[in-house]
1. Which cross-chain or sequence-distant (5 or more) residues have an amide H under 5 Å from the amide H of Asn272, H modelled 1.01 Å from N in plane?
2. Pairs of Cα atoms under 8 Å, at least six residues apart: use those to get the relative contact order of the range 1-121, whole percent.
3. Limiting things to C-alpha atoms, what are the Rg and the maximum Cα-Cα separation (Dmax) for the range 412-536, in angstroms?
4. What does the charge count around Arg69 come to, taking other residues whose C-beta lies under 14 Å from its C-beta (Lys +1, Arg +1, Asp -1, Glu -1)?
5. With just the Cα atoms defining each centre, how far is the range 174-238 from the range 283-312? Give it in Å.
6. Per residue of the range 424-434, in order, report the coupling 6.51 cos²θ - 1.76 cosθ + 1.60 (Karplus, θ = phi - 60°) as ³J(HN,Hα) in whole Hz, putting x for Gly and Pro.
7. Where does the charge balance sit around Ser187 when Lys and Arg score +1, Asp and Glu -1, over other residues with C-beta under 9 Å from its C-beta?
8. Taking the range 25-61, which trypsin sites (Lys or Arg not before Pro) meet the DSSP loop condition and have no more than 14 other C-beta atoms within 10 Å?
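What follows is calculated from the coordinates using simple rules that are stated; it is not laboratory data. Everything quoted here is computed from the prediction, not taken from an experiment. Counting neighbours? That spans all protein chains shown, and the Cβs are built from the backbone with ideal geometry, glycine included.
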Amino acid sequence: MPVRFAKVVALFALLTVVMTWPQAARLATDAWPHEDVFFNMWRIGWVAHALPRSPTHVLDGNIFYPELRTLTLSDAVAVESLLAAPMLWMGVPIVLVHNIVLLAGIILSAAGVWLLVATLTGSATAATTAGIVFAFVPYRFDHYMHLELQWTVWIPWTFWAMHKVFETGAIRHAVLLGVFIALQFMSSVYYGLFLVTLLPVGALLLLCGTRPGEVMRGLRALALAAGTAALLTAPYLFPYATTRHDVGPRPEEQIAMFSARPSSYRATTESNYLYGERTVQFGRGERRLFPGVLPLLLAVVGLLLYPASKEAIVYLVTLAIAFDMSFGLKGYTFSFLYQHVPAFDGLRAPARVAIFAIFCLSVLAAYGQAALEKATGKRLRRGLIAAIPAVLLLEYWVAPLPLIAYPSAPSPLYAWLAKQPAGVVAEFPMPQRNRLPSNEARFAFMSTFHWMPLINGYSGYYPASYINRLERLSTMPDAAALENLVGAGVRYVIVHAGLYPHGGANEVIAALSDHSRFRELGRFNDGIGEAVVFSAR
């Protein structure tokens, strides 16, 4: 089995190269054009930096100075960062490390579904179909810039372990179930919360119709799994709970913006070869959830023709609940959770639970293919085995991806700054309070070359101290704003002239030059244009 699974991983690696082309050809230099890519690299870079130096403060990232637990303002991507850290310690360029970890999430997610479906149906070809659906639906490309949202790796493994728990009752499978739940939380908090909401549905359905003795055995195993998961995740999630208390719930209007609509399930990304131009009007970012026509047809075939299967009902019901949850406060399930489970009022984008509906659909589609394989002759079966993956890949085709280059080495500015005495850094232009995030993600990433604390920052949440500072600095460069920088303990003020419109940096540079509390340290190339650095006296 290990050899066969390695071949499956290799197959999905090859398909991922094809479906994300030319990413493989530019693995060390290019990524999706989005500020979240900067943020991804800052997160994995910070963990690799902090672990060997101050592991107890690994969540206290260097952004939003002087805030603590800044990694918990978004997803800390713990699993992804731990995988990335050895490569970064060996000096592998950070863009290359980022892309390897991101693509690994897609590849291993597909391989995990393959194992689950091969176990359920006994069909390796149907399992391959499920892997293609789970790995390459439009949702994946809509979120190609979101590292944590590609790491659905542990979802299929969790369901595989759940089935093993009911099949064997073995302690090792119960412990594995808990471990996989914890790993999913530590890969993506969003998916961890969705998983522990939907998994009990499947478990309860599997318990239905079993003998009392088997029910008790199953409940004991599930209790062990829950205890294992709680033990492993509590230290990780407790800082999130503290941060959640500080920042408060998401406003309902924000949740509505990032909730699915019925039309979202007709929407693909603009670059989808078959459907993009015809469906893009049905959804925007976070709401492009089209699963493909063929998976739906195969799922219907599976429900109609596959021999009566309790497992298929599990995935159908779970799909229905995930589908309802994706509508956020306009659905029943998420509304209930939002009102009664504190963690859920901190989730901005309920539409992301759609990946669980797609996961369940991939399993049901595999049941459909398995049923067709059993019902057809050898020649037709061979045709189906070739045609179904080909049609799916065509439905999901988006290549070539629109990639851009990212820096893996410091510009002269940051190379110089890394050699200076440590101090708090402020980089301008800073965004207006109502126009986040501007250049903040880039500044956070560039700090990986010097690791000094920044008053700047970028994340899923913005702390009140940062928002208040933006308000106080909105009048920059007047005297009050400059004095605020001194009062905040800022040592280095960097003015990026190339990021200001129409020479707007000149006024800021002149005010800093004329102010008695600041002196110019030098002018450097920042990778975009000229930057002027001042120190506070």
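1. Long-range HN contacts for Asn272: none found.
2. Rounded, it is 34 percent for the range 1-121.
3. That works out to 13.3, 37 Å for Rg and Dmax.
4. -2
5. Cα centres, the range 174-238 to the range 283-312: 25 Å.
6. Couplings: 6, 10, 10, 10, 10, x, 8, x, 6, 4, 9 Hz.
7. -3
8. Of the trypsin sites (Lys or Arg not before Pro), the ones in loops of the range 25-61 whose Cβ has at most 14 other Cβ atoms within 10 Å are Arg53.
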